[in-house]
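See below for the structure under consideration.
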Amino acid sequence: MFKLAPQSTYKRKVSLEIPGDFGKVEKASFNVEFRRIKQDEAAVLLDGFTNEKISDLECISDNMVGWDGIKGENDEPLEFNEENLALVMNEIYAKRAITTAFFEDILGKNALKKIS
């Protein structure tokens, strides 16, 4: 059964790979919570993103509402807020993983192929 009035947000696992020395790769994951968007909003967002009218950070900060599983330098859970989101999105592997997850949810698994 499909319910037309779903919850306003949803949670999703984000996985990433961080290159290390001599070809080794560190795998990591964390959970994010995105807000659900409608088709008309997705079209405007996608147009702004592909035409570089909106940055990755703007796109994600407008649509991510929380996370868990991210730790700071002191190994304590990193609070979700605008400042910490900017820090996480400045890490290229995290930014790529979060942005890919968001657009996969909107466009399907081939999201990057469609917007490249």
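The figures follow:
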item: Matching entry among Leu46, Leu57 (being modelled with pLDDT under 90 and part of a helix (DSSP H, G or I)); result: Leu46
item: Criterion violated by Ser61 - all others in (1) within 11 Å of the chain's Cα centre (by Cα); (2) farther than 22 Å from Gln7 by Cβ satisfied; result: (2)
item: Residues being over 20 Å from Ile98 (Cβ atoms) and hydrophobic (A, V, I, L, M, F, W, C) - total across segment 1-23; result: 5
item: Cβ pairs under 9 Å, 6+ apart, first in segment 21-44 and free of Cβ contacts under 8 Å to residues at least 24 places away in the same chain, second small (Gly, Ala, Ser); result: Glu26/Gly20; Lys27/Ser15; Ala28/Ser15; Ala28/Gly69; Ala28/Ala94; Ala28/Ala97
item: Residues of segment 67-107 satisfying the condition of being assigned to a strand (DSSP E or B) and either surrounded by 15 or more Cβ atoms within 10 Å (Cβ to Cβ) or touching a residue at least 40 places away in the same chain (Cβ under 8 Å) (or both); result: Trp67
item: Residue within segment 16-23 that is surrounded by 14 or more Cβ atoms within 10 Å (Cβ to Cβ) and outside any strand (DSSP E or B) present; result: no
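Results for (1) at pLDDT below 95; (2) not polar (S, T, N, Q), shown as yes or no for each residue.
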{"site": "Val14", "(1), (2)": "no, yes"}
{"site": "Lys24", "(1), (2)": "no, yes"}
{"site": "Asn31", "(1), (2)": "no, no"}
{"site": "Ile37", "(1), (2)": "yes, yes"}
{"site": "Glu41", "(1), (2)": "yes, yes"}
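The values are calculated or read from the model by the stated rules, or taken from the named source; none is laboratory data. What you see is a predicted model; the values in this text were computed from it and never measured. Using ideal geometry, Cβ is built from the backbone for each residue, glycine included, and neighbour counts are taken over all protein chains shown.
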